[in-house]
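The values are calculated or read from the model by the stated rules, or taken from the named source; none is laboratory data. Treat the numbers as computed from the prediction; the structure is a model and nothing was measured. For neighbour counting, all protein chains shown are included, and Cβ atoms are generated from backbone atoms with ideal geometry for every residue, glycine included. Protein only, heavy atoms only, side chains kept; ligands, DNA and RNA dropped before computing areas. Shrake-Rupley method; radii C 1.70, N 1.55, O 1.52, S 1.80 Å.
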Amino acid sequence: MRLLSVRTYVTVSATKRLRPLPSALASDNSKARVFEYTAPPLGTVQAYDEAVALLEKEQQRLAQEIASLGSGAASKGDAVETSENGAPKNDSRIKKLKVALGLTQLDKHWEFNAGRVDFDSLRKDPNSIGALTFEALKARRFETVLTPKIVKLADVHNLYVDAFPGKTRNLLKPAVNLEVNFQNTAWEACYGQPVPPNWALFSPKVTINTHSDKPKRYTLVLMDLDRQSLSSQSIHEWCHWLITDISVTNRLTIEPGSSPYLAPSTLDTANLTDASFHPSQPSTEPKLPGAVVLPYIPPHPANSNPRKTHRYLLTIFEQPEGKSLDISLEAIRSEAIKNQSSSIQNRAAWEKDFLGEKEEAMHFVERGAFSTWGFATQHQLNVAGYAFFTAGWNLHTPDIFTRLGIHEPVFGAFPQNPTDQVHKVNQATTNAVNLLGDSLLSSLSLSQIQQLNRGTVPVVPRFKLPTRSSIKADAMKTVWAERIAAKTVAAASAVSGKAPKGGKKASGKSAARPISAAIKLTPKMPRLTTVGSVAVVKAKQSDVAGGSMVGEVTKSVFEKRGRYHNV
């Protein structure tokens with residue numbers, strides 16, 4: 001019957017038509033159109049008529065069996081058989097019959113495939129035919145479509161090498177559907193999508209779908225797999241979020257919230273430049289399930305040259321049955337300090353990761369002291385599901401460091417001439433103080449960013465008396481600027497597909513010329529070099545190392561011989 005219903009759905013899905021939105025939902029200027037399900041009339045295709053007749057018969061049979069089981073369970077009184085999870089056997093049988101009945105309804109298939117299902121509203125009546133049917137379709141899509149995609153991209157991002165060593169894609173197929181979404185995303189699954197750090201400023205909405213009525217306990221861990229460390233001169237894992245003893249039966253949603261370590265922003269977030277989206281502060285903090293061992297800290301990848309993309313892995317571990325996890329942060333800290341090599345402990349302060357009061361309060365040592373697989377092995381946890389996204393430094397990441405009140409590192413190649421490099425950094429810092437003020441880095445022009453990267457004294461052009469030659473040269477510059485503007489407009493029209501005045505379409509060879517001219521005329525925005533990055537960090541008014549424009553710790557670091565790596 002399942003095969004017949006799917007085949008019939010394919011036949012009917014080809015008949016869906018475009019209809020305009022109702023006037024109550026569409027604005028006056030809106031031309032939006034939406035798909036609506038429309039079944040073809042009977043008597044057109046004989047095969048379709050026979051399929052509909054069979055489906056109606058099957059629907060009547062299933063409805064009668066559901067009604068008989070419901071009335072039979074009520075008449076038995078106290079004598080009720082139970083299944084393994086403690087639920088009455090009749091209830092589980094009725095749920096299966098409701099799913100089978102829902103799968104024979106073609107409009108259910110169309111609504112699910114068209115993305116027209118509101119799962120939040122369906123949870124108000126989880127035992128309805130619609131809710132059970134859509135959950136079954138969701139579980140089927142996760143198994144057949146999403147799981148292969150997650151496994152393939154996890155292999156591409158080397159998760160089975162770095163996070164789950166010794167495991168392969170065949171051994172770690174996720175059994176739990178883990179949905180991770182931030183304020184402006186609506187992903188069915190999270191498998192490596194790039195996320196700007198300011199999008200992840202607040203904790204995501206995490207939905208755990210076990211597709212099982214048996215209650216189980218889980219542990220949630222969010223790890224940065226590419227955290228850079230100055231002390232060990234290497235890349236290691238770092239924990240952003242850890243919650244244990246999460247009890248889940250079929251489905252659980254962890255609502256989005258904030259971070260207890262985030263201070264209010266001093267920026268005008270409503271008018272941020274170079275930001276397509278900026279999240280809003282949650283009105284209320286949700287009550288998180290389980291035991292929060294390490295509260296959420298937003299991703300804050302450090303600036304590095306060359307640019308590095310960080311992988312953030314959110315893993316759901318299944319705990320041993322009937323056992324809760326007892327995790328001691330004090331024990332983790334003492335073990336981490338004990339395992340530090342003597343070479344790291346004896347290094348100078350500016351050669352190690354800086355740990356201030358805020359870093360200590362947020363348990364930076366403990367968060368970097370364990371790995372994903374080591375944590376699972378130590379506590380005998382099984383990987384039930386995982387999701388991951390990527391993020392890299394952008395112009396709004398320094399504001400996250402400021403709001404957390406922590407030290408912002410900058411990583412770059414060691415200079416061949418440290419003395420000259422320190423002079424460049426100091427001059428670039430002075431330039432940054434004069435150029436930035438309270439504004440954002442994205443407000444600087446191209447020439448100003450180049451000035452920061454060079455770390456040179458700004459040159460004021462000398463005043464020159466106008467002469468006939470200079471006036472003529474200025475006029476020629478104006479003429480050339482107008483010609484360049486005309487070429488740019490012509491290139492834009494060629495790209496948009498407009499034909500020339502003659503009415504004939506330009507050939508591929510002639511059309512390529514104005515396009516290449518437009519590309520040459522568009523200046524490429526340079527990213528900050530190591531000198532420019534260090535200067536911006538030093539020039540911040542909110543330098544947590546001290547109250548002045550340049551903090552005392554920052555100043556002491558730069559007085560050392562070229563130790564500008566970590567400011």
_Six or more apart or on different chains, Cβ atoms under 8 Å: show the pairs whose first residue is in region 45-72 and of a type in the set (D, E) and whose second is open to solvent by 60 Å² or more (accessible area, probe 1.4 Å)._
D49/L42; D49/G43; E58/M1
*Condition broken by G455, with the remaining ones in (1) open to solvent by less than 50 Å² (accessible area, probe 1.4 Å); (2) at pLDDT 85 or above; (3) over 43 Å from the mean Cα position of the chain (by Cα) satisfied*: (3)
*Failed item in (1) closer than 22 Å to A302 by Cα; (2) modelled with pLDDT under 85; (3) under 33 Å from the mean Cα position of the chain (by Cα); (4) outside any loop (DSSP other than H, G, I, E, B), with I519 passing the rest*: (1)
*Mind checking which residues of region 70-98 are farther than 21 Å from P215 by Cα, crowded, with 17+ Cβ neighbours inside 10 Å and either of a type in the set (A, V, I, L, M) or modelled with pLDDT under 55 (or both)?*
A73, L97
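One line per residue, one yes/no per condition, for (1) at pLDDT 90 or above; (2) surrounded by fewer than 21 Cβ atoms within 10 Å (Cβ to Cβ); (3) in a helix (DSSP H, G or I):
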| site | (1), (2), (3) |
| --- | --- |
| D224 | yes, no, no |
| I235 | no, yes, no |
| I246 | yes, no, no |
| S265 | no, yes, no |
| A275 | no, yes, no |
| I297 | yes, no, no |
| R307 | no, yes, no |
| E335 | no, yes, yes |
*Filter region 44-67 for residues that are polar (S, T, N, Q), part of a helix (DSSP H, G or I) and loosely packed, with under 12 Cβ neighbours inside 10 Å; which is farthest from the chain's Cα centre (by Cα)?*
Q46
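A quick yes/no check of all residues on (1) of a type in the set (V, I, T); (2) at pLDDT 90 or above:
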| site | (1), (2) |
| --- | --- |
| E188 | no, no |
| P194 | no, yes |
| A200 | no, yes |
| V206 | yes, yes |
*Within region 210-222, which residues are surrounded by 19 or more Cβ atoms within 10 Å (Cβ to Cβ) and at pLDDT below 90?*
T210
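Among the strands (runs of 3 or more DSSP E) confined wholly to region 153-220, which include 1 or more residues that are small (G, A, S) and under 20 Å from W238 (Cα atoms)? Give the steps one after another, and end with the answer.
Working: elements: 177-181, 191-194, 205-209.
Where strands (runs of 3 or more DSSP E) fall fully within region 153-220 and carry at least 1 residues being small (G, A, S) and under 20 Å from W238 (Cα atoms), they are 191-194.
Can A136 be described as closer than 30 Å to H236 by Cα, surrounded by 14 or more Cβ atoms within 10 Å (Cβ to Cβ) and of a type in the set (A, V, I, L, M, F, W, C)?
Working: closer than 30 Å to H236 by Cα: no; surrounded by 14 or more Cβ atoms within 10 Å (Cβ to Cβ): yes; of a type in the set (A, V, I, L, M, F, W, C): yes.
Taking the combined requirement at face value, the residue does not satisfy it.
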*Check region 389-401 and report whether any residue there is out of contact with any strand residue (DSSP E or B) (no Cβ under 6 Å at 6 or more places or on another chain), modelled with pLDDT of 85 or more and assigned to a loop (DSSP other than H, G, I, E, B).*
yes
